[in-house]
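The values are calculated or read from the model by the stated rules, or taken from the named source; none is laboratory data. None of the values given here were measured: they were computed from a predicted structure. Here the Cβ positions follow ideal geometry from the backbone for every residue, glycine too, while neighbour counts run over all protein chains shown.
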Amino acid sequence: MIDDKADMDGIGVQLAVGAFKAIALVYDILTFPVYLILQQPWRTRQLSRRPKAFIVATKSDADIKNTDVSLDIGTDKHKNHKAVKVSETTRSITWRSLDEPQRIHVEIVRENITTMANMLEYVAKKYANKRCLGTREIKGEEDEVQPNGRVFKKYVMGNYNWKTYSEVNTLATHFGKGLRELGNLPKQNVVIFAETRAEWMIAAHGLFKQNIPVVTIYATLGDEAIAHGINETEVTTVITSYDLMPKFKKILDLTPKVKTLIYMEDQLKNLTILSTRKRTDIQVVKYQDVIDLGSKSKFDNSMPAPDDVSIIMYTSGSTGVPKGVIIGHTNLIATIKAFCDNTYIYDDDCLIGFLPLAHVFELLVESVCLCAGVSIGYSSALTMVDSSSKIKKGTKGDASVLCPTVMTGVPLILDRISKNIQEKVSKGSSFAKVLFKFAYEYKQQWKRRGYTTPLIDKIVFSKVTSLLGGRMRLILSGGAPLSPDTHEQIQLCLCLKVIQGYGLTESTSCATIMDHDDMVFGRVGHATTACDIRLVNWEEGNYRVTDKPYPRGEVLIGGENISCGYYKLPEKSKEDFVEEDGKRWFKTGDIAEVHADGVVKVIDRKKDLVKLQAGEYVSLGKVEAELKTCPFVDNICVYGDSNKQYCVALVVPNQSMLNDLAQKKGISGDFEELCSKPEIEKALQQEIAEHGKKCKLDKIEIPGAVKLVKEVWSPDMGLVTAAFKLKRKDIQARYQNEINRMYAS
């Protein structure tokens, strides 16, 4: 009877698939002429294929000859800028954007906006009464009993409270003057050590107005790294938050020069001042008290010059101690202009801000939003969606209340969203799985032809889009290359556009950005209007600009967006930065290839390349990027020993998928027990190997052994950066015994 029922269900599903296909065929025949006329897919495909950058001859690009045009620019305007085939002796090639300055870029130049300080002054007048920065009200906290009997604290939340552009400008002015009243002088560094929130942005602009460099340090760094940044920049004032005060108490003994702690208040709790004192010489001041002090101050703004330092931004340090990158006002304004040229942001958009503002990417995206008159509502991973850990059951997360249209993301977050979608589909009924699979493949097929699918979006994907408020249209991804599969799946399932870019703190987050019309996944876009992109031969890794079918080499970035160097590290600055062709260039250490349309694909990183015993090179970063898309893998670090014939991998498994795998194999135990069982490791290794083959990894690139890791790697553990990049040396040091055992086995 059970088999008969299963057979009947299978027949029912097959009939349903047949019915879907029949209905879709009739629908396509009837609507094709309408969609063809309205959507004009040939234009979409043409825009996707158009050249986006051209090769420029420079003194550094040896032996480029203006013959054998390989890239048709297609317009008279750019006939003097030929993209050419290069001779076999060429050592480098440089590309420049074909994009023109857009409205906001032109406006910034016309209004002579050269610093972050006069940028805020200008937009505060232009958008005076528009809502600018929003914070969601927390009304209280309640205990919520979970099904397993445990009790968790949950927020009772209200609506967003908004400050207008004019109010933000006034608050920033008062905060800056309040700091002057507390004894801080222009050009005297001040640290902001706080999570992303409206007060962070207001405080930063207050410092800009007094020409006080902002030292940014990730809130998730370890104590020693935080103390290093504070001590190296010799700050006496630290701006932090109520939540981070307990953490900072531990750091005070390591930072003897700090005399003033300014903290951003909590909506529910009051700080007991005495409990914060570990040293009696510390002055503890509320954020609001600084603003009140500044509102009565006689100090004037001390506006910076374009060449003055705006930020000393400490990188999260994937290798070694974090370095302070010096970013000037000129660098920030150059990136803002470039992002405005390439990103479709409108003045009725709304950004949900949650990535660290201490990360240059988030800071610049939010600055672009300010330039465009866009409102920014702040959130966190604890409250973003209805299912977030601090959201009371039956109430709404921030995205459902805010209904944003734009957000930023890093590949790890987008990979998690992708896996959550896969997981929910896999747990649905047979009918639901078949419907989703059909809809996904149907939409994928038509999107690749240049069409949109409004009916399928409404019927099948509307529930997915509602998770982020129902209005999301654009996700900006940065921090690392995004997997092509994740990129496409997020776009299809969330019915939005994912634009990824490439940049580093040293280039003020700006280097390349995807064209809005580009339909090819797995690439990071073309050179922005702020800089040139150069490929230079890397002989050791066998990457050359004469490679076929595309030139390959190390990426150098040159333009106004390039930092003047590392703080108090002159030798390292000389090593990584160079002055050539009238520009400042940064050597990224990343390896890329540039396609015929001028678009960049990052394919490797010098530090990630390992030569195995037989002489084959393995790109650890490339392998990890592919294997992270495996549903069983939440995170992975691949390790290669040059004295061995294969690599091994440390894997943070997806708990739900691991439990399903154990159930399928008839193995019992909780998550930690399963991670320790050799039979589970072997089964997961097979799954990873199969996934690697699907991703077209070579045999030597697929790990020969895996070790399951029980801990979820977080910045607090010091194993990943704040942008969730792997800290290889720290991971290796922590798990060296496990690595040795994998090779011994």
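Here is a check on your reading of the model: is I731 out of contact with any helix residue (DSSP H, G or I) (no Cβ under 9 Å at 6 or more places or on another chain), among the hydrophobic types (A, V, I, L, M, F, W, C) and either within 28 Å of T216 (Cα to Cα) or surrounded by 19 or more Cβ atoms within 10 Å (Cβ to Cβ) (or both)?
Considered against the rule, which asks whether it is out of contact with any helix residue (DSSP H, G or I) (no Cβ under 9 Å at 6 or more places or on another chain), among the hydrophobic types (A, V, I, L, M, F, W, C) and either within 28 Å of T216 (Cα to Cα) or surrounded by 19 or more Cβ atoms within 10 Å (Cβ to Cβ) (or both), I731 comes out as yes.
Scan (1) surrounded by fewer than 21 Cβ atoms within 10 Å (Cβ to Cβ); (2) more than 18 Å from the chain's Cα centre (by Cα); (3) not assigned by TED's automatic domain parsing to the domain that holds S166 for the single condition G397 breaks and write down its number.
(1)
Tell me, which residue of the range 139-155 that is closer than 22 Å to T196 by Cβ and in contact with a Lys or Arg (Cβ under 9 Å, 6 or more places away or on another chain) is surrounded by the fewest Cβ atoms within 10 Å (Cβ to Cβ)?
If we filter the range 139-155 for residues that are closer than 22 Å to T196 by Cβ, which is where we start, we get 139, 141, 153-155.
The next check asks that each one be in contact with a Lys or Arg (Cβ under 9 Å, 6 or more places away or on another chain); those that pass are 141, 153-155.
Details: E141: 15, K153: 11, K154: 19, Y155: 22.
Filtering the range 139-155 for residues that are closer than 22 Å to T196 by Cβ and in contact with a Lys or Arg (Cβ under 9 Å, 6 or more places away or on another chain), the one surrounded by the fewest Cβ atoms within 10 Å (Cβ to Cβ) comes out as K153.
Given the criterion farther than 30 Å from G598 by Cα, small (G, A, S) and part of a loop (DSSP other than H, G, I, E, B), identify the matching residue among G158, G149, G176.
Testing whether each residue is farther than 30 Å from G598 by Cα, small (G, A, S) and part of a loop (DSSP other than H, G, I, E, B) leaves just G149.
Being part of a strand (DSSP E or B) and of a type in the set (A, V, I, L, M) is the filter; apply it to the range 468-493 and report the residue that is nearest to L36 (Cα to Cα).
By that ranking, first place goes to L474.
For the range 301-314, check the following and say yes or no: at least one residue is of a type in the set (V, I, T) and either more than 23 Å from T233 (Cβ to Cβ) or at pLDDT below 95 (or both). Give the steps one after another, and end with the answer.
First, the residues of the range 301-314 that are of a type in the set (V, I, T): 309, 311-312.
Next, from what is left, pick out any that are either more than 23 Å from T233 (Cβ to Cβ) or at pLDDT below 95 (or both): none.
No.
When H359 is evaluated against the numbered criteria (1) touching a strand residue (DSSP E or B) at 6+ places or on another chain (Cβ under 8 Å); (2) within 30 Å of R103 (Cβ to Cβ), which criterion, by number, is the only one it fails?
(1)
Look through L244, L221 and report the one residue that is closer than 29 Å to S380 by Cα, touching a residue at least 24 places away in the same chain (Cβ under 8 Å), part of a helix (DSSP H, G or I) and not assigned by TED's automatic domain parsing to the domain that holds P715.
None of the others qualify; the one that does is L244.
From the list Y378, Y344, which one is in the same structural domain as I239 (by TED's automatic domain parsing), out of contact with any Cys (no Cβ under 6 Å at 6 or more places or on another chain) and either crowded, with 24+ Cβ neighbours inside 10 Å or more than 25 Å from L719 (Cα to Cα) (or both)?
Y344
Out of the residues in the range 234-280 that are of a type in the set (S, T, N, Q) and exposed (fewer than 12 other Cβ atoms within 10 Å of the Cβ), state the one that is modelled with the lowest pLDDT. Talk me through it step by step, then tell me what you get.
Quick first cut of the range 234-280, residues of a type in the set (S, T, N, Q) only: 236-237, 240-241, 255, 260, 267, 270, 272, 275-276, 280.
Those still in the list that are exposed (fewer than 12 other Cβ atoms within 10 Å of the Cβ) too: 270, 272, 275, 280.
On the way: N270: 85, T272: 70, S275: 50, T280: 76.
Across the range 234-280, the extreme among qualifying residues is S275.
Results for (1) at pLDDT 85 or above; (2) in the same structural domain as E626 (by TED's automatic domain parsing); (3) under 13 Å from V652 (Cβ atoms); (4) part of a loop (DSSP other than H, G, I, E, B), shown as yes or no for each residue.
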site: E673; (1), (2), (3), (4): yes, yes, no, no
site: E679; (1), (2), (3), (4): yes, yes, no, no
site: V712; (1), (2), (3), (4): yes, yes, yes, yes
site: A722; (1), (2), (3), (4): no, yes, no, yes
site: K729; (1), (2), (3), (4): no, yes, no, no
site: N740; (1), (2), (3), (4): yes, yes, no, no
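Which count do you get for residues in the range 126-153 that are within 30 Å of T170 (Cα to Cα) and in contact with a Ser or Thr (Cβ under 9 Å, 6 or more places away or on another chain)?
The total comes to 10.
Of everything in the range 200-247 that's hydroxyl-bearing (S, T, Y) and within 22 Å of I291 (Cβ to Cβ), which residue is nearest to the chain's Cα centre (by Cα)?
Ranking the candidates gives T216 first.
Taking the range 451-467, which residues are assigned to a loop (DSSP other than H, G, I, E, B) and buried (at least 18 other Cβ atoms within 10 Å of the Cβ)?
Y451, T453
Kindly indicate the residue of the range 409-444 that is assigned to a helix (DSSP H, G or I) and polar (S, T, N, Q) and also modelled with the highest pLDDT among those meeting that condition.
Per the stated criteria, the residue is Q444.
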